[in-house]
Each structure stands twice: as structure tokens, then as C-alpha cells.
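Data first, discussion second: the structure below is written as C-alpha cells.
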Amino acid sequence: MSTTRRHPYPFSVFEPKWQQHWDRTQTFHTPNPGDPGFDPARPKYYVLDMFPYPSGSGLHVGHPEGYTATDIIGRYKRMCGFNVLHPMGWDAFGLPAEQYAIKTGQHPAVTTAQNVAHFKGQLQRLGFAYDWQREVNTTDPGYFRWTQWIFLQLYNAWFNPASNRAEAIGTYRGTDPDGVRLAYVSEAPVNWCQALGTVLANEEVIDGKSEVGGHPVERRPMLQWKLRITAYAQRLIDELDGLDWPEGIKLLQKNWIGRSEGAEVHYSTADATERITVFTTRPDTLYGATYIVLAPEHAIVDRLVTEEQWPAVRGYREKTARKSDLDRTELAKDKSGVWTGAFALNPVNGERIPIWIADYVLPGYGTGAIMAVPAHDERDWEFARKFGLPIREVVSPAPTLGFGGGRVCEAEPLECFTGEGYAIHSGPLDGLPTEAAKADITARLEAQGLGSKTVNYKLRDWLFSRQRYWGEPFPIVWEDGKHRALSETELPLTPPELADFKPTGTGEPPLAKATDWLRYSDKAVRETNTMPQWAGSCWYYLRYCDSQNAARFVGADAEGYWMGGGKPGGVDLYVGGTEHAVLHLLYARFWHKVLFDLGHVSTPEPFQRLINQGLILGEDGQKMSKSRGNVVNPDDVISEYGADALRGYLMFMGPLEATKPWSMTGVEGIARFLARVWRLVMEEQQEGTWAHGAVSAEAAPDKAQLRVIHASIKKVTADIETLSFNTALSQLMVFTNAFVNVTPRPLSAVRTLLTLLHPFAPHLTEELWESLAQRFGGAGELADAPWPQWDEQFLIEDELEIVLQVNGKVRDKIIVPKDATREAVEALARGSARIAEWTAGKDIKKVIVVPGRLVNLVVA
RNA sequence: GCCGGUGUGGUGAAAUGGCAGACACAACGGACUUAAAAUCCGUUGGCGCGAAAGCGCCGUGCGGGUUCGAGUCCCGCCACCGGCACCA
């Protein structure tokens, strides 16, 4: 006798058995069009997980949550007759591997390979139906050669505003193609993180700290590669509309892109030597502008400042430059600024207004200059109050308030009003509602060449270079201070072998230390920056379609088949966490659109349907973390309860999208359920072995049992389609419970149960299916079995229970034949003695009969 | 501050505007057992009445409203979680 606790069913025997079987027979390998075994008659279904970063700590329970959901869908669709593409791979470049490598001295390639092996083993122990022949790894030269190739597509393309799409750079007719490429270099202030020794994208900086590690980030001007994602801002907003994504995620992206409509207005300086263009979303308040504010970094400042103001301006600019983004926002409440000594003229009334600089105006947004309307903007209000600048009311909340007639109001308002209303003290605009006033003034400005209607976006171009070792090198060389692309035949460009790959800390990339590698020719040297981790994940879903293709990033037929079909096409279901809402999901859409414009892919959007799985909290209801000690390791759960129990519990916890706490007793509950299913088929012998139990091929389900069977098929099918796995499982429990005490158990019912349960608990059901086949005959694996159909006729009940209400409160229940007429049901209701007690001596004013459900008598 | 999400038993949760709490967990009681584990059966929102079968009242964050009927729809709040945040 073993001293370890006996398992309620022998999962430790049959789970590895089936995993090995699936691997050996390649059950879940999906052929491409043209491959042997491909069946073009079947529809396709592409179900995708966000591939993991293979960290050293192994799988977290959050991973198998989403992966189980997609596995259920994949297995289900397969049983429904689809060609299912369900792949997995590794997002293996990136900072953590490199940080770890620096700490331990081991090469990141070594630790990455170890981590991948560990992750893969863990995933395989969960019995996921991945087609491992399609596995990808972003650090594999056979993979990143195509990442580099796509970079070259970006480099060799520009966005033509006339056609609203990317075109080959050769179609650009201007003088400086380098100024319009989708991948370009620019010297600009960027997010520099000293601790990580690299620059970071805006999306990777959270509250002024690096997303990885939480190190401080400062602004520093550096020469960097950027991708012109801003060219796609409008399409990235517009084309969200057709996607079946959670509205919250769409909104997150829209807000991040941050479109705002308004006008640019040109002010000339009082001495008429310079022109300042401001951006405003409220051109209707132009008559209320009482000063101009420039970002301290604005180039024009040098030319405006008066002699007397120079020291103050210089001091303020230096102070601003030293501030990190964090400081700059933390001091948000306390406005600061300095007068330049110069004045501008308001284009509509010629009024002389002072020009200030202040750090509440950001250099990167709009024109880096604003017209301040303190009466109608909170920030301008605070600034004007602090520095005693005039405040002029030009919008009235109601049409009857305020003075019209174009007169200037002398009295300053008591509070700031930022809403919409009616223009006052605004010359020709007086009386117009805000929307009309905006249109009117904008048209006037345009007619006089003083301004124009403009759209601005918060989105900035994507900072694409990193000063790190563990990433894709750029396929670029420099000669005479100019960059040019490597040819496609020179790919992949592999990183140099480096003993010391630590960041230099100076902003010079570690690749610069590889002197041999660096030298491309006598005159040319290689680019030493590397690409960010997002590069590989921007297109991995395309590589899965054709991962072994050595001649192209993805074969056209494979891409057309798996990504095509439907409108707007793409991956049929994509499951992952919310944390990528404005990172991976935005970047990947951008790359996909470029590839689409250039004719390399067939759909404008990559991911048709997106679901975010919810966060799993620790048993204490807190976020799982090592420091709290509430982390659940999937391996431990599997060894104690089995993979099927872990999968089942993850799906039974609650709705997939909800945040929910872990519960070990909940896992036990699912394990008990699975054990009950096991014992429907198997019986324990004296000596502790399992043998067939009381299942009978002769026994036919009775009417009530048929109803349970068919109701379950219907509900489980519908619930899987809507990803309501928790309620699908509860129906399977109802199904199971209905047969626990039935002997002998009808074989057909048991087989239907196993089929419906199979996507959730593939090992257990496959084992029992095989066992039943050995006893009763039957061929084939459950994984290949067709999904059952339900028959409505079994769902119809002969008699229905009708609730009788008086004034909406339940007072009695009656049983009526299923075909009882409305009148007959009403008569029965009126005849009920219990109802009579409640209606006695009262008028029945109204009777509501809901067929098959209830009768409500309204009395007074 | 702005935007989004959530709020239902002791717990996770379920409910096309139609019997609130399915299905589980935990707890309690019982059967089996020398005993325990496992398994099986039963009870389980609160309050009140009743010996019992049962009956009544209250109950889905709070306050209003629509409706024969509201967890569900509308208006106004509150709390928690997430995102954005000097974006003109």
C-alpha cells in the first residue's frame, strides 16, 4: 500500500498516457492548404493565445486560464468539423532574460532555451491541443530574419496622405525620402532609463517609471529610430468599429490615440517679425484669449525673448529641462511660468497680449503653443489667477445671460466655465451656440489665411530602438552619416557573440563593443541599436500560419486561408490579458495595416474577436505576488488533482473575463465532480483497481433522462459559443448528477456526457471513451468524435408548472398540460383556492397570462 | 478630475423584464466504517408564526422612477477595482 494519499481517479496514470499519445500521433497537427490530409471542405477556425514571455519562474495560473479557454474552443470547433489552427510559441527576446543573464553571467540564449523547455513541459502537462509543429520563437534566426524583413518594409515605405495608405518609398516625389519613411531616425527628447541603460517607448513608461522594474525615467535628447504609427492614427481609430472586441478595450485604444478636433490659429508677434501657431479645440473662445503660452522648449522662444527677460527665461528653461516627466506632472497643481517680454496680436481684434512660457504646455502635442482663455479653461484659469493675467468671459451657459453686441466685458467672472454655451463679447460670434461659433470662426480664419481646421492626436510615433543586447539587430548600416538598408539577402542579421553584453550606461548600445561585427565595410558600420520586445510579437500570429516557410514571412496561400474569410477577417478568436490594450494590440494592428497596404497580407485587421481573461487573485483576494506568498503554481495543482481538475476549476471559477480569487477547495470540488464522472463508468475493485461498472448498452434513457441529455447538449453548446464555460460545467454537473444513482447507466447517455465534457477534461474523457470502446465496441478517439446535436422534441414537457401571482407576488403554483390554452390556464388560476384567499372581496382589474410561465392577477 | 468595469447568501457564483440564489465551496446532521479518509443521503438568505406539514414578512450597494411584474430598464448617489491624466 502506498503511503501517499490515493487519488480519487487514476489521473496520474492516464493523463501522461494521453499527452504522449497526442504527441506521438500528432493528433492536433493541422495541415495547410496543399499539404497531405488537408480537407478544403471544412471551414477554418483560427484560435489564438497571447504567447508567453518564457520567464524563469515558469507558468503562472493566469496563463492556463486563457489557454484553457482557447483549448476548449479549439477542441470544440474541431469536433464541429472545422480546420482548427491553434498554435503556441515564445516571445523570448526582452529585458528580463537579459537582466537575469547580467546577474548570473549566463548568456541569455542559454537561459531562454531552458525557460522555453520548462514552459513547454508545463503546457504539455495541461493537455493543450496545440499544433507544436507550428511553434515559433522570436529569438530564432529563422524567425527574426522576417522581423527584420518587415522592418525593411517599413523602412522602404511612406504613408501617402492622398491614398491614405502606405506605399513603396519609390512613389514619393519629394526631395527628402528619409523625412517620410515609416521607419526613420530622429534626434529628439526620449524616455531614457539609466537603470536599464536604454530608452523606452511612451507605452512602456508608467507614472514616470519603467514598466519593467519600476526604475526612474528621464527625458533626454537622443538619436533614435522611430516608427511612424501616427500616420495611421485615424485608421487605427476608424477600423476598430468592425471588430468584435470588448468596448472597454476599444475605448482604451481610442483614448490613447486621443483624437481631438479643433483649429490652428496664427498669431503674429507685436513687432510683426514672427508668427506663432497655436492649437485649440475651442476656437469659439478666441475673443477670450488674454495671453499666449509656449512650451519652454519651443524653438521660437530664442527669437522672442527681450533683453530684460533673458535671465528669467533661461533659468526657467534649465529648471524644466532637469525635471523628469514625473516631476513635471506631480507639480501639476502648482502652475509656473515666465513672461518672455514679447507680445502677440490677436488675429481677430488686433489686441496686444503677452507671450509666456510655462511647462504646463507640452512640446510634443499640437504646436507646443496655446492661446490661453482663462475664463474657459481650468489650467489657463489657474495660471492667470497666479500671475494676475486678465480673464475675459466669452461663453455664457445660457443664451439669455451676459452682454452681446461685441462689447468687451469689463467684469471678470467668478469661476471658470469650461462647458458649451453661447458666445458673448465675441463680435460676430455673439449669440451663436458653441458648435456653430467654432464652425463660424474657423471659416473666417481660413478665409483670411489666419488659421485652419485641424485634427490632433495624443499618439506619438513609436520609439523603436533600444540600447540592449537581447533583441533583433537593425538591418541597417551607416556610411558618411547616412543610413541605408541591408538587402534582403543579407538577412538574418544575427547579433554578435559578446562576452560582455551589459548596457554601457552611456546610451551607447552594447553591440558597439563588437568591433568586428560592427564593421560592415571599409566605410560603413552597422547600426548598433536593437529592436524592442514588441517587434517579434507584432506578427507572430502570421508566422504560425506557415512557420516553416524559409522563402517568405508567410506563404500567400496559408495567409489567405487562415487569416482570410469573413469580414474583416483575421484571427477568429484571440484571448489574452488587458495589459496589452495599448501596447501589443496597438502595435500589431499598425504593422498589420502596413503589411496590408503593401500587399503582403489579405486583411486590414489582424484580430477579429478579442476576449480578455480576468486576473486570478490569490486565495487571500490579493494580487498574486512572491512577496505576499500567495502565488499558486500550476505544477503543484496538477500533481495533486490532475490537469483536468485544474482546467475544470479555472473554467468553473466564474466568468472568463472576471477578476476572481483562487480557492483550493474549489479545485477539490471539480476533482470530486470528475471523479463522479469516472465512477459513472468505472467501479473500484476490492484490491483497489478499477473495472467497468454498471454501464449498459441495452438500457435506454427514459423520458426525463432524455430531457436532461438534450437540454445539456443545447446549453453546453450555447455556453461554449459565448465562452460561458462556468455555466456549461454546471450543466454538465447536472447531467452527471442525474445519472449517478441510475443502474444500469445507458451507454448512449454516458457517451454523450463524455463528448460534451471532452473539451474541458480531455484526458479523463478520452480514457473512459477508450475503455467503453474496448467493452462495447466503437472506433476512434473522442478528439475526433462529432459534436452531438440536440433534438427539441425531447425538451418539450407534457406538463408545465405555472406560477400564479396576485399583484406580482407568487401565491400558488399549478400544473397544466403543455398545450393548455391561455383561457384554460386563466380559468385554472381563477379557480385556485389559494388565489381565492388573496382575491376575496377585491376586484380583479387585469389578468396577465404569460404562456408556459405565469398568471398574474391584478387586484385592487 | 475624466473614462470604463463591478457591487446578489458565510464563500465562488447563476438568473431572454416573469418563482432571486441554478451549479459548486464551506458548515451542520445522517448512512457506511472498529475508527478515520473517501463515498452516498439530507439541511443550509434573514426574521417571525407553527408540534409538524406549512404559512407570512423582508431581501440583489443606497435613494427615487417606469411596469401587472425590476437583480435586470430609466434618473440621482455611494463604495471598490482598472485605465488615462496639465493633451490646450
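The values are calculated or read from the model by the stated rules, or taken from the named source; none is laboratory data. Here the structure is a predicted model, which is why all the values come from computation and not from measurement. Neighbour counts are summed over all protein chains in view; Cβ atoms, including those assigned to glycine, are modelled from backbone coordinates with ideal geometry. Side chains are part of the model used for accessible areas, which takes the heavy atoms of the whole protein and leaves out ligands, DNA and RNA. Shrake-Rupley method; radii C 1.70, N 1.55, O 1.52, S 1.80 Å.
Could you pull out the trypsin sites (Lys or Arg not before Pro) across segment A:610-704 that fall in loop regions by DSSP (anything but H, G, I, E, B) with no more than 12 other Cβ atoms inside 10 Å?
A:K626, A:R628
Using the Karplus curve 6.51 cos²θ - 1.76 cosθ + 1.60 with θ = phi - 60°, work out ³J(HN,Hα) for each residue of segment A:778-789 in order, rounded to whole Hz, and write x for Gly and Pro.
Karplus values, whole Hz, x for Gly and Pro: x, 10, x, 8, 5, 4, 9, 5, x, 5, x, 10.
Roll a 1.4 Å probe over the protein heavy atoms and report the accessible area of A:T755 in Å², nearest 10.
Rounded to the nearest 10, the figure is 10 Å².
How many nm is it between the label spots at A:D636 and A:A779, if each spot is 7 Å from the Cα in line with the beta carbon?
4.7 nm
Which listed residue (A:F82, A:A550, A:G507) has the Cα farthest towards the positive end of the charge dipole for chain A, taking +1 on Lys and Arg C-beta and -1 on Asp and Glu C-beta about the Cα centre?
Going by the Cα projections, it comes out as A:F82.
How many lysine pairs does segment A:596-726 hold where the Cα atoms are under 22 Å apart and the two sit 8 or more places apart or on different chains?
For segment A:596-726, the number of qualifying lysine pairs is 4.
Can you list the residues, at least 5 places off or on another chain, whose amide H is less than 5 Å from the amide H of A:V601, using H built in the peptide plane?
For A:V601, the qualifying residues are A:F596.
If each of A:E446 and A:R220 carries a label point 7 Å out from its Cα toward its Cβ, how far apart are those two points in nm?
It works out to 4.5 nm between the two label points.
What distance in nm lies between label points placed 7 Å from Cα along the C-beta direction at A:E684 and A:T277?
For the pair A:E684/A:T277, the computed spacing is 8.1 nm.
Looking at A:Q194, A:Y232, A:V373, which one has the Cα that reaches farthest to the positive end of the dipole of chain A (charges on Cβ: Lys, Arg +1; Asp, Glu -1)?
A:V373
Which aspartates and glutamates have a Cα lying under 20 Å from the Cα of A:K250, excluding residues fewer than 8 positions away in the same chain?
Those aspartates and glutamates meeting the cut-off are A:D49, A:E203, A:E204, A:D238, A:E239, A:D241, A:E261, A:D461, A:D572, A:E579, A:E605, A:E657.
I want the local charge near A:S186. Using Cβ-Cβ distances under 15 Å, sum +1 for each Lys or Arg and -1 for each Asp or Glu among the other residues.
Result for the neighbourhood of A:S186: +1.
Taking H placed 1.01 Å from N in the peptide plane, check which residues at least 5 places from A:T367 or on another chain put their amide H under 5 Å from its amide H.
For A:T367, whose amide H was placed from the backbone, the distant partners under 5 Å are A:F279.
Helix A:434-447 against the longest principal axis of chain A: what's the angle in degrees, Cα atoms only, rounded to the nearest 10?
Relative to chain A, helix A:434-447 is tipped by roughly 50 degrees.
Please give every one of the lysines within straight-line cross-link reach of A:K319, meaning a C-alpha to C-alpha distance under 18 Å, and leave out same-chain neighbours fewer than 8 residues apart.
Partners found: A:K333, A:K335.
Relative to the present Cα-Cα distance, how much length would full extension add between A:S268 and A:D843 at 0.36 nm per residue of separation?
198.8 nm
What are the residues whose amide H is under 5 Å from the amide H of A:V199, where those residues sit 5 or more places off or on another chain and H is modelled from the backbone?
So A:V199 has HN proximity to A:C193, A:Q467.
Using a probe radius of 1.4 Å on heavy atoms only, what accessible surface per residue do you get for segment A:481-596? Whole Å² is fine.
Counting only protein heavy atoms, the per-residue value for segment A:481-596 is 38 Å².
Determine the share of segment A:556-708's accessible area contributed by carbon and sulfur atoms, expressed in whole percent, with a 1.4 angstrom probe.
Of the solvent-accessible surface of segment A:556-708, carbon and sulfur hold 51 percent.
Test of the criteria: in segment A:764-840, which chymotrypsin sites (Phe, Trp or Tyr not before Pro) are in a DSSP loop and have at most 14 other Cβ atoms within 10 angstrom of their Cβ?
Sparse-neighbourhood loop chymotrypsin sites (Phe, Trp or Tyr not before Pro): none present.
Taking segment A:680-747 on its own, what percent of its Cα-Cα pair distances exceed 18 Å?
Percent of Cα pairs beyond 18 Å in segment A:680-747: 48.
Normalised by the residues of segment A:204-319, what does the relative contact order come to in percent, with Cα pairs under 8 Å and at least six apart?
Relative contact order here is 11 percent.
If you take the C-alpha gyration tensor of chain A, multiply each eigenvalue by 5 and take the square root, what semi-axes do you get, largest first, in whole Å?
Listed largest to smallest, the semi-axes of chain A are 59, 42, 24 Å.
Expressed in nm to one decimal, what extension gain is obtained for the pair A:K453 and A:A827 from 0.36 nm per residue of sequence separation less their Cα-Cα distance?
Between A:K453 and A:A827, full extension yields an extra 127.6 nm.
Evaluate E = 1/(1 + (r/R0)^6) for A:F38 and A:C80, where r is the Cβ-Cβ distance and R0 equals 22 Å; express this FRET efficiency to the nearest 0.05.
Plugging the Cβ-Cβ distance into 1/(1 + (r/R0)^6) gives 0.80.
How far, in nm, would the chain grow between A:E497 and A:T27 when pulled straight, counting 0.36 nm per residue and subtracting the alpha carbon separation?
Roughly 165.3 nm would be gained on extension.
Quick check for you: with a 1.4 Å probe and neighbouring chains kept, what is the accessible area per residue of segment A:756-846, in Å²?
Solvent-accessible surface per residue comes out at 56 Å².
Given an 8 Å cut-off on Cα distances and at least 6 residues of separation, report the relative contact order of chain A as a percent.
14 percent
Could you give the accessible area per residue of segment A:428-477, probe 1.4 Å, as a whole number in Å²?
The answer is 36 Å² per residue.
Quick one: angle between helix A:703-721 and the longest Cα principal axis of chain A, in degrees between 0 and 90, rounded to 10, please.
That helix lies at roughly 20 degrees to the long axis.
For an R0 of 30 angstrom, estimate the FRET efficiency from the Cβ-Cβ distance between A:A550 and A:A321 and round to the nearest 0.05.
0.05
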